[in-house]
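Here's the structure we're looking at; comments come further down.
Laboratory data are not the source of any read-out in this text; all were calculated from the coordinates shown. Because the structure is predicted, anything quoted here is derived from the model rather than measured. All Cβ positions, even for glycine, are placed from backbone atoms using ideal geometry, and neighbour counts span all protein chains on display.
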């Protein structure tokens, strides 16, 4: 029998989410999270610098997306390269229910919402650099990333609440909606 249970980081993340939902982020201590995960408080700090970071562990998504952009066909447009990369994000996402719960906890706490925006900005910066390495001008690269991340936000919010659709399908749908929106004719005066 093993001396320690495996997946300590995952247990800490799940315990934190449950406690944040039950009693709120502010009223939850690191000691409570560690205890609920069956660990000592000092073990928590081996994985996370503070309790905010427990919901933002690692940068797997950033690394995955950058690698996907760099691996896409060089003949793709920058938008197509980013959309191709984003369609693969579902491969590394946690179960949809966990992410939906996480979104609710983050939305209920300004400090977590701020941290989420910082993490998203870091991902956007990394993707812009990946596009620059493909030859896109820096200002244009960031603009393209911002447009594509708007598509991704729309698709992800739908994906979290639509169990029958894949994230890839919803990204394609949101992309089509954007294409349609930018080609709409001017409204006629009444």
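Some points to look at:
- Zone of residue 104's modelled label, taken as backbone nitrogen in the stretch 23-48 under 20 Å from a point 7 Å along Cα→Cβ: 23-29, 33
- Considered as an equivalent ellipsoid built on the Cα gyration tensor, the stretch 20-88 has semi-axes of 38, 13, 8 Å, the largest given first.
- If you plug the beta carbon distance of residue 173 and residue 50 into 1/(1 + (r/R0)^6) with R0 = 35 Å, you get a FRET efficiency near 0.40.
- Crossing angle, helix 8-23 versus the chain [Cα axis fit, 0-90 degrees, rounded to tens]: 90 degrees
- Angle between the chain longest axis and helix 167-182 axis [Cα atoms, degrees, rounded to 10]: 40 degrees
- The fewest-to-most ranking of 27, 142 by surrounding Cβ atoms within 10 Å reads 27, 142.
- Values of log10 I(q)/I(0), in the order q = 0.10, 0.12 Å⁻¹, for the chain under a Debye, Cα-only, solvent-free model: -0.51, -0.69
- 0 to 90° range, to nearest 10: angle between helix 138-161 axis and the chain longest Cα axis: 60 degrees
- Once the Cα-Cα distance is subtracted from the 0.36 nm per residue extended length, the residue 143 to residue 88 segment shows a gain of 17.7 nm.
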